[in-house]
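Just so you know, all these numbers are worked out from the coordinates, no wet-lab data involved. Quick caveat, the model's predicted, so the values are computed rather than measured. No Cβ is skipped: glycine too gets one built from the backbone with ideal geometry, and neighbour counts run over all protein chains shown.
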């Protein structure tokens, strides 16, 4: 799985997040729902496991809804292409609301990526998204500066 996903380990909580882009997940025969499930050895559900699985860039790949059902996911990250087009493409708003609604109904967390404007933030918040990433909230910082914020 090296090169197919990004690991974020949080030593202060003992939790790890495996973030897999939707396209890589679909195109790779080396990642299967069985192998992902075997990684989540602790906890009975994705929410209680010490390893969380997240599909990054959701909505841009070729996965089917059955993929979401088979993999022990914890989170979907809405691809930035939908968020960037909120103000001038009505379809983007419909897609975002659908992803958020589906994720909420499945008990998955939702993250909006690359939120850069108040308009995007207001739309996403009204649509039910609770976690956001992007320059609107802060730019990347060196570790030494980020530690001061914790």
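For residue 119 and residue 149, FRET efficiency with R0 = 25 Å and r from the beta-carbon atoms, rounded to 0.05?
Working from the Cβ atoms, E equals 0.45.
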- Simple spin-label model, 7 Å along Cα-to-Cβ: residue 81 to residue 130 in nm? 2.9
